[in-house]
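Structure record follows, encoded as structure tokens.
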Amino acid sequence: DLLSQSDGTNTRFYHFDARGDTRQLTDESETVTDSWTYDAWGNILSRTGTTPTPFQFVGKLGYQYDALIELNYLRARWYETAMGRWESLAGVFKKEKANNYAVTRALDLLPSGGPEGSFFSTIASVDSVLEIRPDDHPRHRLDPTCRDLKAIARWVFFVPKWPCRTEYAFFVQNVRFHSLLCSCDETTECNSPHGEYWEAWAVCRPGAKVCYPGFKRSLSAHDTASYQIKGQDKGRGSYRQSGTTKFFCLAPSEDSVQSGEIPPSAVSQRPGGVVDPGGSGTSTGILWFVKEEPSWWKEPGITGNVVKRHFRMQWNCCCRGNDPTASARP
């Protein structure tokens with residue numbers, strides 16, 4: 001059983017509730033150093049303290065939270081608290097259906113019109129305006145094989161009506177990725193590239209008389225996630241990518257920036273100084289591609305909500321009969 005953790009200097013003792021969630025950490029003098037509260041699906045409602053630990057939601061039973069990809073790891077598969085769903089099927093199921101992944105949550109799931117197994121899920125609150133849906137583009141494919149180890153997922157971000165004071169706005173996305181790449185030669189160490197970046201699609205109001213170069217008259221933006229392994233030795237491994245998107249408006253001037261708006265100087269400065277429109281495997285139409293968090297990212301966005309999407313691919317081409325799998329949500 002999980003009782004305590006130590007970094008060589010400080011020791012912390014775990015205290016769990018009836019479900020097995022970590023509710024408190026205490027030090028050797030029995031003083032509470034950290035505390036958590038959760039909702040029914042494991043989302044953290046409040047947190048005090050800064051002690052790093054992956055054992056949070058159902059930590060007593062071994063659930064480990066990976067902050068980079070915002071998923072909980074339970075040995076055989078991953079669980080996402082934000083959606084209340086598993087990332088993959090339990091081994092007892094032979095055929096994929098939507099409810100095989102569910103964890104007793106009343107999700108708003110509607111057919112997307114896209115490939116079988118993809119869904120439209122409104123994560124935002126009822127009064128929000130930023131939404132996301134799968135894109136039924138012909139290139140959307142989630143059927144990798146060891147011969148053609150490639151998967152592509154596409155989404156559309158959109159706002160039903162223009163919410164800005166000015167004619168210009170941005171869909172801004174934080175993308176986090178984690179991969180595990182292993183050779184079929186078990187004596188060779190696996191590689192685990194991971195990281196995060198920010199990207200933005202620049203749009204102006206449909207019907208605007210003037211639209212800056214690099215902006216598009218639109219209420220939507222198209223996003224793509226893909227992964228491909230080439231060569232003879234495709235080995236075994238996994239790739240996971242998650243995206244969090246907000247909608248920001250461009251403020252009229254530097255001295256009139258309101259909540260959810262980006263100052264005009266951000267457009268010319270390109271935060272981080274790295275510009276990569278459509279390169280490095282990113283989606284086309286991107287104005288920014290930066291590895292440093294923009295100073296205004298923690299703002300709520302003009303719509304007050306965020307939308308999330310996920311992409312995953314797993315493969316083991318070292319053994320026959322182990323077909324690669326890929327999935328995307330929503």
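Each row is one residue, and each column tells you yes or no for (1) within 30 Å of S183 (Cα to Cα); (2) part of a strand (DSSP E or B); (3) of a type in the set (V, I, T); (4) modelled with pLDDT under 75.
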| position | (1), (2), (3), (4) |
| --- | --- |
| G243 | yes, yes, no, no |
| P252 | no, no, no, no |
| S259 | no, no, no, no |
| L287 | no, yes, no, yes |
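Taking the conditions exactly as written (in a loop (DSSP other than H, G, I, E, B), under 26 Å from P294 (Cα atoms) and modelled with pLDDT of 90 or more), does C211 satisfy them or not?
Values: in a loop (DSSP other than H, G, I, E, B): yes; under 26 Å from P294 (Cα atoms): yes; modelled with pLDDT of 90 or more: no.
No; evaluated as a whole, the condition is false for this residue.
Listed by first and then second residue, the pairs linking a residue in region 2-27 that is acidic (D, E) to a residue that is crowded, with 17+ Cβ neighbours inside 10 Å and in a strand (DSSP E or B), with Cβ atoms under 6 Å apart and 6 or more places separating them unless they lie on different chains, are D17/R23; D21/Y38.
Only one of R105, R139, R133 is within 20 Å of Q241 (Cβ to Cβ) and at pLDDT below 70. Can you tell me which? I'd like the intermediate steps shown before the answer.
Numbers: R105 fails: within 20 Å of Q241 (Cβ to Cβ); R133 fails: at pLDDT below 70.
Residue meeting the stated conditions: R139.
Just give me the residues in region 142-179 being among the hydrophobic types (A, V, I, L, M, F, W, C) and either touching a His at 6+ places or on another chain (Cβ under 9 Å) or more than 21 Å from G243 (Cβ to Cβ) (or both), in sequence order. Steps first, answer last, please.
Residues of region 142-179 that are among the hydrophobic types (A, V, I, L, M, F, W, C), as a first pass: 142, 146, 149, 151-153, 155-159, 162, 164, 169-172, 175, 177.
C146, L149, I152, A153, W155, V156, F157, W162, C164, F177, listed by residue number.
The values are calculated or read from the model by the stated rules, or taken from the named source; none is laboratory data. Everything numeric in this text was worked out from a predicted model, so none of it was measured. Quick reminder, even Gly has a Cβ in these numbers, built from the backbone with ideal geometry, and neighbours come from all protein chains shown.
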